[in-house]
Amino acid sequence: MPEHNHALEGWQEEKRSAYLYRNIALAETGTPNQQLFSELADAAEQQSKLWETELNKAGIAIPSEFQPDLRSRLVSALVKRLGTRAMRPVLSAMKVRGMAIYTHANPGHSMPTTLGDVGQRHRLGGQGNLRAAVFGINDGLVSNASLIMGVAGATMAHGQSQMVLISGLAGLLAGAFSMASGEYISVRSQREMFEYQIGLEREELAQYPAEEAAELALIYMAKGMNKTEAERVANMLIADPERALDTLAREELGLNPDELGSPWSAAISSFLAFCTGAAIPLLPFLFTTGQQALEGLIAITALALFVVGASISLFTGRQAMRGGLRMLLIGGAAGIATYYIGSFLGVSLS
């Protein structure tokens, strides 16, 4: 029976892959990538037929029609709306092949455009704007909910709902500006370091082109290219200074000049994501006061924690229910702890 279950799971996995590939191909209509994902969808369908053969031999009924799960339908809808590149970390977590074409490939290496070029499934190191936004919202939600719970514990017994609201707004702004400034400094410092390294490489390329070509040839040889071909490719690239600099930054320094990042964009994105999460626990205090507002805070924060935890599971590949409950437990524990600490301090200082 375990073998039969394995065969059924294999069939479902291939059908799910084919469903995702078809939707990605639709999102890539009119681009060279459309053919790649159409071929991947066909390959997954062929693989599912092999599982069907195993299931038929075992006498196990095969569903008449494949029904994609909720996660697959949600991801497909997001791919359609946001594009494949924005969703690549999620698709990678779902073991979708071909995502390497959405990272900037090293110059001198061809991008895969057919099924045979894809190779093994890849794990992507890039986080993606969508993933950063989800985690930014989570930071704002947990930190400000905990702050509001702590202040509520200290002041609600004295009927000071207004104090809770003011503290929550202060926490939202302080946290958002702190996150934004930290992100700006981080990205700006990283960009300046990369620009400095690329500047040094530009000077070396101008002064010692032959030596740089030799270094580049050695890099290609280390990757498996024969000496003659490696030297030919290196000399061809060095002949074009801008292309050579781009190649050397990627191959020798491991940098991508196209992805140095904008400090202002990172800061604004971080600010907005944090504000979104931090505003959620404040909502009940905008419409009511006292115990009713506190109960509303608990309810809306619990729901938001679960949704954020389930959303994070899209990137980890874990079960959404498990991710949601784990986030609810962690955030709930933080809120309860700060509430009782606040209550203790409120009584002690009154």
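The values are calculated or read from the model by the stated rules, or taken from the named source; none is laboratory data. Bear in mind the structure is a predicted one, so any value in this text is a computation, not a measurement. Heads up, the Cβs are rebuilt from the backbone with ideal geometry, glycines too, and the neighbour counts pull from every protein chain shown. Surface areas here come from the heavy atoms of the whole protein model, side chains and all, with no ligands, DNA or RNA. Shrake-Rupley method; radii C 1.70, N 1.55, O 1.52, S 1.80 Å.
Among the residues of region 46-86, what is the count of those that are among the polar types (S, T, N, Q) and in contact with a helix residue (DSSP H, G or I) (Cβ under 6 Å, 6 or more places away or on another chain)?
Our first condition is that a residue be among the polar types (S, T, N, Q); within region 46-86, this holds for 46-48, 53, 56, 64, 67, 72, 76, 84.
Okay, now just the ones that are also in contact with a helix residue (DSSP H, G or I) (Cβ under 6 Å, 6 or more places away or on another chain), so 47-48, 72, 76, 84.
Count: 5.
Taking region 186-213 on its own, how many of its residues are open to solvent by 90 Å² or more (accessible area, probe 1.4 Å) and either in contact with an Asp or Glu (Cβ under 7 Å, 6 or more places away or on another chain) or touching a residue at least 24 places away in the same chain (Cβ under 8 Å) (or both)?
So the answer is 1.
Residue under question is LEU325, and the condition is that it be at pLDDT 85 or above and closer than 26 Å to PHE177 by Cα; does it hold?
On the way: at pLDDT 85 or above: yes; closer than 26 Å to PHE177 by Cα: no.
Judged against the criteria, LEU325 is not a match.
Which one is farthest from the chain's Cα centre (by Cα), of the residues in region 215-244 that are more than 23 Å from GLU203 (Cβ to Cβ) and assigned to a loop (DSSP other than H, G, I, E, B)?
Filtering first and then ranking leaves ASN226.
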